[in-house]
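Comments concern the structure below.
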Amino acid sequence: MKRINNSVIALSLLIGIANINAQEKKQLTLDEAVQLGIQNSKNLKIDAAKIEEATADLLEAKNKQLPELKVSGNYMYLPLKPTIDLKLSGVSSAGGPDVHQVAYGSVNLSMPIYSGGRIKYGIQSAKYLVEASKLSTENDKIAIAYNVAQAYNNLFKANQSIKVLEENLTASQKRDETFLKLENNGVIARNDRLKANLQTSNIELQLLEAKNNYNIANINMDLLLGLPDNTEIEVDQNYIDEGSEVKPVDYYVNAAKENRKDLQALAQQRKAAALGSKSAKAENLPSVAFTGGYIAADIPKFLTVYNAVNVGVGVSYNLSNIWKENSSLRQSQAREKQLAANDELLNDNIKLEVNREYQNTDYSKKSIAVYEKAAEQANENYRITKNKYENGLATMTELLDADAAQIAANVGIINAKADAALAYRKLLQTTGTLTFK
């Protein structure tokens, strides 16, 4: 019997430990959540790879200004005796040496001196593209910061809805107990008590829906932050008090023009495209390079060459450029036109986005006062209706309707405050000034 009791205790302990470990709780402020989201973002990992690629392109462009040094060597075996006929005056090739192998090697050096600016333009263009990649990454960080804030906001609203509904469910269940006693004493009709029970059931359904929304929002946050799927995140409700007085819309439009990273990245791309056009024009110019080399050869029993050093200047010019149209220049100029049009379109979109989010922020802040007034009215209406019902001046339906309106109004205040805090962050995102620590 004692052994069985010990087994039961051990099993209970194991079940308790498993339940504790089943879901880990983690309290996070919004800033902490944003940092985790940035650290674990898959998109930023892709951006990092793009920066590495652009940096490699820059290194390739810089390498073009360095000297080229090539070494080559060959060895050949000749199974048949070659026929050698020397055309030198006074020298006979009859009865020449029996040659069966040849070995020779060379070292060639080429140092660019002038290339029409193609190398210089290529390096500067690559630098601009590296900077554009970095700016695009910063723009993505700001977008991720807002996405995390949005998910955090959804989690907060779902959690607060659960608290409000749980409080109202407790009150409704107590009311059901009171009404059951009143029915048993013949004070109220059974139909009135059933209406109250139905209201309780509706609150239970709303609570189930709120918990379901909370679980979905929690999983979404876990994925965004790179946390285990079973982590329950506890939000800091103080974040809804963040924000400041909204300035005039022109302030935010000007801030967007100065701070939007995607706009700055596009400017770098336009600079790179302009240099691409200059580089394409330079293809019609000659290239000049310093050249040098060393040659050595050995043909046993016939010829040995060494110390054959040469230095000089090489000039190359593609004469076909005279009659061929420069397609690279046309492509580059088309690229410039595309980027210029994209710049105009992006500026228009920024103005639209800033104005839209400014209006949404203003609306969200003003709606808080409306919701607070509505909640005050709903609470007072419920108090009056309850008094009337207790004095036989109101029906059960009126009482339950007043209770439902009170619940909706109280949840509405919470949602309005959370949405206002999020709307302000969205406005900062559109201006490129959303900060993350």
Quote the FRET efficiency, to the nearest 0.05, computed for T433 versus Q27 with a Förster distance R0 of 25 Å and r equal to the Cβ-Cβ distance. 0.35
When the convex hull of the C-alpha atoms of the range 137-291 is computed, what volume per residue in Å³ does it have? 240 Å³
Normalised per residue, the volume of the convex hull around the Cα set of the range 302-376 (Å³): 299 Å³
State the three equivalent ellipsoid semi-axes of the chain, derived from the C-alpha gyration tensor as the square roots of 5 times its eigenvalues, in descending order and whole Å. 82, 33, 15
Counting only other residues whose beta carbon sits under 15 Å from that of E60, what net charge do I get with K and R as +1, D and E as -1? +1
Relative to the longest principal axis of the chain, what angle (0 to 90°, nearest 10) does the C-alpha long axis of helix 396-431 take? 20 degrees
How high is the relative contact order of the range 159-282, in percent, with contacts defined as C-alpha pairs under 8 Å that are six or more residues apart? 20 percent
For the range 161-241, what is the charge dipole size about the Cα centre, in debye to the nearest 20, if Lys and Arg each add +1 at the Cβ and Asp and Glu each add -1 at the Cβ? 660 debye
Just how large is the dipole of the chain about the Cα centre, in debye to the nearest 20, putting +1 at every Lys and Arg Cβ and -1 at every Asp and Glu Cβ? 1280 debye
Over the range 56-212, what per residue volume does the convex hull of the Cα atoms give, in whole Å³? 280 Å³
Scoring only Lys, Arg, Asp and Glu (+1, +1, -1, -1) among other residues with Cβ under 13 Å from the Cβ of L165 yields -2
So, by mean Cβ neighbours within 10 angstrom, what's the order for 352-364, 377-389, 146-158 with the highest one leading? 146-158, 352-364, 377-389
For the range 386-402, list residues with backbone N below 12 Å from a point placed 7 Å from the Cα of V187 toward its Cβ? 390-392
Projecting the Cα atoms of G276, L393, A369 onto the charge dipole of the range 275-429, where Lys and Arg contribute +1 and Asp and Glu -1 at Cβ, the residue farthest towards the positive end is G276
Show me 247-253, 128-134, 309-315 ranked by packing, highest mean number of other Cβ atoms within 10 Å first. 128-134, 247-253, 309-315
For the chain, take the longest principal axis of its alpha carbons; what is the angle in degrees between that and the long axis of helix 261-281, to the nearest 10 within 0 to 90? 20 degrees
For the residue pair K45 and K195, what label-to-label distance in nm results when each label sits 7 Å from Cα along the Cα-to-beta-carbon direction? 5.9 nm
Share of carbon and sulfur in the accessible heavy-atom surface of the chain [1.4 Å probe, %]: 54 percent
Could you sort the peptides 274-282, 170-178, 64-72 by per-residue average Cβ neighbour count (10 Å cutoff), highest mean leading? 274-282, 170-178, 64-72
Enter the angle in degrees (range 0 to 90, nearest 10) between the Cα long axis of helix 327-390 and the first principal axis of the Cα atoms of the chain, meaning the one along which they spread out most. 10 degrees
Could you tell me the distance between the Cα centroids of the range 381-419 and the range 353-373, to the nearest Å? 26 Å
Farthest towards the positive end of the dipole of the chain, among L303, I350, M111 and with Cβ unit charges of +1 on Lys and Arg and -1 on Asp and Glu, lies the Cα of L303
For the chain, what is the relative contact order in percent, using Cα pairs closer than 8 Å and at least 6 residues apart in sequence? 24 percent
Placing +1 on each Lys and Arg Cβ and -1 on each Asp and Glu Cβ in the chain, then taking the dipole about the Cα centre, the residue among N202, Q333, A217 whose Cα reaches farthest towards the positive end is Q333
The range 251-408: Kirkwood hydrodynamic radius (Cα pairs, Å) comes out at 24.6 Å
For the range 337-437, count all C-alpha to C-alpha pairs, find those more than 16 Å apart, and express that count as a whole percent of the total. 69 percent
Alpha carbon Rg of the range 172-242, scaled by the compact-globule rule 2.2 N^0.38 Å: 1.79
For the range 331-437, size of Cβ-based charge dipole, Lys and Arg +1, Asp and Glu -1, in debye: 300 debye
Semi-axes of the equivalent ellipsoid for the range 315-357, please: Cα gyration tensor eigenvalues, times 5, square-rooted, ordered largest first, whole Å. 42, 8, 4
Cross-link list K127/K257; K120/K351; K42/K366; K141/K278; K25/K261: which exceed 26 angstrom alpha carbon to alpha carbon? K120/K351; K42/K366; K141/K278; K25/K261
Identify all aspartates and glutamates with a Cα-Cα distance to K181 below 12 Å; exclude those on the same chain that are fewer than 8 residues away in sequence. none
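The values are calculated or read from the model by the stated rules, or taken from the named source; none is laboratory data. Just so it is clear, the model here is predicted, and its values are computed rather than measured. Don't worry about glycine lacking a Cβ; one is built from the backbone with ideal geometry, like all the others, and counts go over all protein chains shown. For the accessible areas, the whole protein counts, side chains as well, though only heavy atoms, and no ligand, DNA or RNA atoms are used. Shrake-Rupley method; radii C 1.70, N 1.55, O 1.52, S 1.80 Å.
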